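Input: a single structure, listed below in structure tokens.
Each value in this text was obtained by applying a stated rule to the coordinates, not by laboratory testing. Not measured: the values here are computed from a predicted model. No Cβ is skipped: glycine too gets one built from the backbone with ideal geometry, and neighbour counts run over all protein chains shown.
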Amino acid sequence: MNYVALKMLFGDRAKYLMLLCGLTFAVMLIVQQGSIFWGLMMWSQASITNLNVPIWVTDPGIAQVDEVKPIADTAVDRVRSVDGVEWAVPLYKGLLRARLANGEYHQITLTGLESATLIGRPAEVLEGRFEDILQPDAVVLDQWAVERMGGPTVIKVGTIFELNDKLARVVAIAKTQKSFTNIPVVYTTYERAIRYIPHERRTLSYVLAKAKDGIPVEDVIQRIQTQTGLGAFTAEEFGWKTILWVLKNTGIGINFGTTILLGFIVGMAIAGQTFYLFTVENLRQFGALKAMGASTLTLARMILLQAFTVGLTGYGVGIGLATVFGYLTASGGSLPFVETWQLLLLVLVALLTICIVSATVSIVKLARLEPGIVFR
Amino acid sequence: MTTDSQPAAVRANSVIKAFGTGDTKVTVLKGIDLEVYLGELLLLVGESGGGKTTLLSAIAGILDIDEGHIDVLGVPLSTLPPGKRTTFRGQTMGFIYQQFNLLPALTAAENVAVPLLIQRIRRTEALRRARMMLDRVGLSDRTEFVPKNLSGGQQQRVAIARALVNEPRLLVCDEPTAALDGANGQKIMELLREVGRSPDRCVIVVTHDSRIFHFGDRMANLTDGRIVNIERIQQEGTA
């Protein structure tokens, strides 16, 4: 009877397409909104992922990566002295204003890397050589800085600008993940970063560290916290800390959550209702089958097959459309769109749940259906 | 032609069926006693609202009765659990409806194959037998047509082929000619009479159509929930 069920489903093209459109719309809406939401969350921790180091050490009261709480310079040596730490390097991170030759001012995030190792440098360089950062007055910009500060005609390798009245010369353009605030990132060495900024008692923003091979990162983090009194986090923990801060302290969580939830409820309600109506409109046909000897179990299997067929088709088409949307609008990283397998799995489970629920409602109606309906 | 000495395919005793409750309760069948024999075509006639379709549904086991007993082919249908009743119905009965009730998405052959598919017969075999049955009802050139592309008469012939394809011993028909013109109605009834005259089968037809009365062997008149008379129909060419 599977064949009959599928023919019944596909036979009425108008109803089938309406059903498919409802499910596709629901899936597309949830996946698209969910992916944009998650993309934004990824942007919010871009400062962590761009530096790609395993352990972050800083003030224990820190709330999120962009809220820097300077610590004493001695922290680097204290972390290096912890058993199990392979290396530890200083990192400066702070906001500064850049003045271009044309007189424009732009706020930038100054990132100072340890000059000996350049640990935390971006993995990909679009123009120039990152190592040239060791030259006098040299800085490296990310590609978003080029975009924000006037485009490639204004900012390119060789461009000179001022940071706090001191000279900065662009030697390379690096590729990074866009950040939530989209403030241009200027890389330089730690020592030079300290010279650029106004005098402060404490200048060290973070200590970046790595555990020795074979020693669990969690153990090393525990030791750092115990022996130094500082806060230590894995990159993943710090990323989540930042995401949770953004969710709690900005309207993004509520706004996107509401949109996703509404999309989910509306989409699933449309899908469930449409499928239920599809069954109700076919009640006479199901009644005829029941009169001819089809058991309730057989009819239930037919309904479930129809529900899963249209559900999975809608799921595939919906995800396909959402992915195309993401590809067209977010290629190059200019818009946040991160489609994760967890999101796709969640949507699949939700969709199958709504299919089962609407099919169950229909099956209950069919179970109670007197086949005598066919004589009326 | 049948005689009362032939075995009863259907035996209904003191059947009562009511719809609704309290002040709105309507008793549609008020103690029906009826026997239908193998090898006969019984016509159920009477005024509208008299209970014909209700009785037909009860005999077919698709409507529960409130009181009384109905045995079909020796099986106490009215006391069978719903699941077993459904299985029994699928194995022994065929249905022809006034509105045909063909599945619009299926071709004529697929529609006819449905009762076989319900009995879990393989699709290729079911379609083969369905096409043979369509050939028997004169529709061998319409097997791949969907219902909307068939005339009313052709659709009813498909419905008959569907009702006969699993060789049911009891054929239950509700106004099978109501949606057809005179000529098509006559053809359909000739087919049903042929089925009814098989010694191990019987046909029950609910009808208002006096033009087809002569196809029956007996005619039961159901008025206000009671069978007021059963008369044997004089066949053409018999004394």
What does the structure give for B:97-110 when I average, per residue, the other chain Cβ atoms found within 10 Å of the residue Cβ? 5
Debye log10 I(q)/I(0) for region A:106-179, one point scatterer per Cα, at q = 0.17, 0.18 Å⁻¹: -0.59, -0.67
Which one, B:109, A:90, A:107, is farthest towards the positive end of the dipole of the protein assembly as shown when Lys and Arg carry +1 and Asp and Glu -1 on their Cβ? B:109
Kirkwood Rh in Å, taken over all unlike Cα pairs in chain B: 18.2
Excluding residue B:196 itself, what net charge comes from residues whose Cβ is under 9 Å from its Cβ, given Lys and Arg +1 and Asp and Glu -1? 0
Chain B - mean residue ellipticity at 222 nm from DSSP helices (-39,500 (n - 2.57) per run, n ≥ 4, rounded to 500): -9500 deg cm²/dmol
Considering only Cα-Cα distances, which of the following residue pairs are longer than 19 Å: A:290/B:84; A:7/B:84; A:7/A:290; B:17/B:52? A:7/B:84
Low-density loop cleavage sites - trypsin sites (Lys or Arg not before Pro) in region B:68-128, where at most 12 other Cβ are within 10 Å (DSSP): B:120, B:122
The size of the Cβ-based charge dipole (Lys, Arg +1; Asp, Glu -1) of region B:96-232 about the Cα centre, to the nearest 20 debye, is 420
What's the FRET efficiency of residue A:87 with residue A:164 using the Cβ-Cβ distance as r and R₀ = 22 Å, to the nearest 0.05? 0.15
Residue list for region A:178-219, given a label point 7 angstrom along the Cα-to-Cβ vector of residue A:124 and an amide N cut-off under 13 Å: A:178
Neighbour net charge for residue A:82 - beta-carbon separation under 13 angstrom, K R +1, D E -1: +1
I need the shape label for region A:28-142. Rule: rounded when a/c is under 1.5, else prolate if a/b > b/c, else oblate, with a, b, c from the alpha carbon gyration tensor. oblate
How much of the DSSP bridge set in the protein assembly as shown is antiparallel, in percent, rounded to the nearest 5? 70
I'd like the distance between the alpha-carbon centres of region B:185-239 and region A:259-282, rounded to an integer number of Å. 49
Using the Kirkwood radius over Cα pairs of the protein assembly as shown, the Stokes-Einstein translational diffusion coefficient at 25 °C and 0.890 mPa s, in µm²/s and rounded to a whole number, is 80
The Kirkwood hydrodynamic radius of region B:176-228, taken as the inverse of the mean 1/r over all distinct Cα pairs, in Å, comes to 12.1
Restrict the search to region A:67-126; then list the trypsin sites (Lys or Arg not before Pro) that DSSP places in a loop and that have at most 16 other Cβ atoms within 10 Å of their Cβ. none
Report the local net charge at residue A:299: Lys and Arg +1, Asp and Glu -1, summed over other residues whose C-beta lies under 11 Å from its C-beta. +3
Within region B:47-74, find all residues whose amide N lies under 19 Å from a label point positioned 7 Å from the Cα of residue B:21 along Cα-to-beta-carbon. B:64-67
What aspartates and glutamates sit close enough to residue A:93 to cross-link, taking a C-alpha to C-alpha distance under 15 Å and skipping anything fewer than 8 places away on the same chain? A:59, A:66, A:67, A:73, A:114, A:142, A:191, A:200
Please compute, for peptide B:76-83, the average count of beta-carbon atoms on other protein chains lying within 10 Å of each residue's beta-carbon. 1
Residues of region A:160-186 with backbone N under 16 Å of the label point set 7 Å from the Cα of residue A:137 along Cα→Cβ are A:160-172
Using a 10 Å cut-off on Cβ to Cβ distances, tally the other chain neighbours for every residue of A:8-15 and report the average as a whole number. 2
Selection of GluC sites (Glu not before Pro), region A:66-119, meeting DSSP coil and at most 13 other Cβ within 10 Å: A:67, A:104
Added length on full extension, which subtracts the Cα-Cα distance from 0.36 nm per residue, residue A:7 to residue A:72: 16.0 nm
Below 14 Å, Cα to Cα, which aspartates and glutamates can residue B:30 reach? Residues fewer than 8 away in the same chain don't count. B:66, B:67, B:224
Based on C-alpha coordinates, I'd like the Rg and Dmax of region B:71-116, in Å. 13.3, 37
